[in-house]
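The values are calculated or read from the model by the stated rules, or taken from the named source; none is laboratory data. Quantities reported herein were computed from a predicted structural model and do not represent experimental measurements. All Cβ positions, even for glycine, are placed from backbone atoms using ideal geometry, and neighbour counts span all protein chains on display.
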Amino acid sequence: MSKSHITGSLGSVKVELLQKGPKCYCDLRAKSTIAFTDENFGRRFWGCVKFKDGGHCNYFAWRDPKMCSYGRRVIRQLRAMHAQSLGEQSAWESN
């Protein structure tokens with residue numbers, strides 16, 4: 001079950017998602033994380049909360065369905081355009 005709300009302080013929008021994830025093999029609530037690989041950029045997955053501590057159980061499950069090839073291509077193009085605009089901005093600011 002997810003819940004979202006919007007706050008109006010200083011015109012900012014805050015969206016909070018509250019969702020209970022599955023339990024991992026350690027019998028703990030899995031953590032939702034976002035992938036940043038080229039193939040799965042922005043795709044959410046569940047993983048063991050102990051992953052960064054090194055004592056994890058290797059639990060892994062995709063939270064989002066796989067994106068179609070067109071969607072992946074659009075994401076790659078947007079990332080390239082964003083990186084280019086950041087480079088142009090840096091060059092402009094250094095002058």
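Here are some notes:
- The residue of region 14-54 that is modelled with the highest pLDDT, among those that are under 27 Å from Arg76 (Cβ atoms), exposed (fewer than 14 other Cβ atoms within 10 Å of the Cβ) and of a type in the set (A, V, I, L, M), is Ile34.
- Selection of first residues in region 28-47 that are not assigned by TED's automatic domain parsing to the domain that holds Ala80 and of second residues that are of a type in the set (Asp, Glu), restricted to Cβ pairs under 6 Å at least 6 apart or on distinct chains, gives the following pairs, ordered by first then second residue: Arg43/Asp64; Arg44/Asp64.
- Cβ-Cβ under 9 Å pairs, at least 6 apart or on other chains, region 61-85 side within 16 Å of Ile34 (Cα to Cα), far side of a type in the set (Ser, Thr, Tyr): Arg63/Ser32; Arg63/Thr33
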